[in-house]
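The values are calculated or read from the model by the stated rules, or taken from the named source; none is laboratory data. Owing to the predicted nature of the structure, the values given are computational and were not obtained by experimental measurement. Here Cβ is always computed from backbone atoms with ideal geometry, including for glycine, and neighbour counts include all displayed protein chains.
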């Protein structure tokens, strides 16, 4: 049985997730914690629940999903794990902060420790995530899918009744539409989707009502 804790972080209202199971091992997905109170809340949740972090995962390499990776690296020694196709963007986090937010970041981001590929498996505790490549929002955008629990973390590829923007650097509208077609056929309809912003949804809801999945 999984426990999923969501923290809404930074000025972009990004969703950071801590996913744990009965073994007390956990993964941290998209650590976007920017403000000190956000970083503190995440660390306190991990400590208070006596969790052992095993992976620091990113659904893609945009700054709002990676503001807090330095805190996780500093506390637990975990480096981000990001799809190889986002290598260029992962090297531009300081530049992104300046461009998107007008912020000069005065700390270093940890270098990615693992470059992920489609169909790689991430294991922790008694569970595993399969990586599904979903380019479009960025070239290296991914879903993290846990088949046994019927859940997936979609980053900024799929939202409740919407999809991610494709007008940022290296984005592609054609690619994201093709990724959505693939995902809608690859995942069971009852899969619960935890997106990078906004409320959770389900694959069935999106294939039925989301206009972008009907293109």
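If you go through the stretch 62-91 and keep only what is farther than 19 Å from residue 18 by Cβ and buried (at least 17 other Cβ atoms within 10 Å of the Cβ), you end up with 62, 63, 83, 85, 86, 89, 90. The set of residues in the stretch 33-57 that are touching a helix residue (DSSP H, G or I) at 6+ places or on another chain (Cβ under 6 Å), buried (at least 24 other Cβ atoms within 10 Å of the Cβ) and within 22 Å of residue 130 (Cα to Cα) contains only 56. Going by what's in this entry, would residue 180 be described as over 26 Å from residue 22 (Cβ atoms), at pLDDT below 95 and touching a helix residue (DSSP H, G or I) at 6+ places or on another chain (Cβ under 8 Å)? Considered against the rule, which asks whether it is over 26 Å from residue 22 (Cβ atoms), at pLDDT below 95 and touching a helix residue (DSSP H, G or I) at 6+ places or on another chain (Cβ under 8 Å), residue 180 comes out as no.
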